[in-house]
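Please read the structure below before turning to the comments.
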Amino acid sequence: MITEPNKNLRQFQQVIEIIERNNHDRARLIPILQQIQDAYRFLPPQVLTYVATALDMPVAEVYGVATFYAHFSLEAKGKYVVKVCDGTACHVKGSSKLLDALYKKLRLNKEKHTTDDMMFTIEAVSCLGACGLAPVMVVNEKVYGEVNGKRCDEIIDAIVEKESQPETVNE
C-alpha cells in the first residue's frame, strides 16, 4: 500500500517533470496546468505557487489563468466526476430530479459536491451536447443517456461494487 506522503511526493515529482517537458516555457502555462490537473484531478494552491516560481511568473497571473477557464478546478475532486446536464432538453426531461437523486444517494448537496472518501464529485453543467439522449449524465468520460433515478442508482452502485473488488495483480 502506498502511503499518502509518498503519493504526494510522486505527484510533485510529476509537476517538476511536466514543467521540464515544457521547457519552463511560460507560454505553455495552459498545457502545463492541464497536465498537472490530470495528475492531481485539481490544481492545489501550493502547486500553483511552485509553477509560478518555476516559470518566473507572478503567482496572481497563474491563478488568473487557473480561475478564468472553467476546465480548471481549484477544489479536489473525487475519483469519479459525475456531470449532470441541466441544459434545456435535459432540464425538461427531469435532470433536476436526477441531480436530487444523486445528492440523496451520495449524501451530498448544492454546497458539498464531493464525498468524504473522495470517490464521487457531482457537477451540474449547462450542456453536454447529447440532447437527443436527455437527460444525460457523464461519469468521467462515459456518457449515459435517458437516465432516471433508478438507472442513476444502478450506475452508482455498479461503480461502488467495482471499487470494492480487490485488485488483482498479474503474476
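First check a/c for the stretch 4-68, with a ≥ b ≥ c the square roots of the eigenvalues of its C-alpha gyration tensor; if it is under 1.5, answer rounded, and if not, answer prolate when a/b is larger than b/c or oblate otherwise.
In terms of gyration-tensor shape, prolate.
Counting only helical runs of four or more DSSP H residues, what would the 222 nm mean residue ellipticity of the chain come to if each run contributes -39,500 (n - 2.57) and the total is spread over all its residues?
The helix contribution divided over the chain gives -15000 deg cm²/dmol.
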Per-residue HN-Hα couplings for the stretch 43-51 [Karplus 6.51, -1.76, 1.60; θ = phi - 60°; Hz; x = Gly/Pro]: 10, x, x, 5, 6, 4, 5, 4, 4
Net length gained if the chain between TYR103 and GLU123 were fully extended (0.36 nm per residue, minus Cα distance): 6.2 nm
For the stretch 110-158, alpha-carbon Rg and Dmax in angstrom: 11.6, 34
Spherically averaged projected area in nm², based on the convex hull that wraps the Cα atoms of the chain: 12.2
Of LYS112/LYS150; LYS79/LYS142; LYS83/LYS110; LYS112/LYS142; LYS97/LYS162, pairs whose Cα-Cα distance is over 19 Å: LYS112/LYS150; LYS112/LYS142; LYS97/LYS162
With eigenvalues of the C-alpha gyration tensor scaled by 5 and rooted, the stretch 51-116, Å: 33, 15, 8
18 Å reach of a label modelled at LYS142, 7 Å along Cα-to-Cβ, counting backbone N of the stretch 74-101: 78-85
Residues of the stretch 43-71 with amide N under 17 Å of the 7 Å Cα→Cβ point at GLU20: 51, 54-55
Relative contact order for the chain, counting Cα pairs under 8 Å that sit 6 or more residues apart, in percent: 18
GNM top mover of PRO135, PRO44, PRO58 - the chain, alpha-carbon springs below 10 Å: PRO58
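No lab work stands behind these numbers, since they all come straight from the coordinates. Predicted, not measured: the structure shown is a model, and the values here were computed from it. Every residue, glycine as well, gets a Cβ built from its backbone with ideal geometry; the counts of neighbours run over all protein chains shown.
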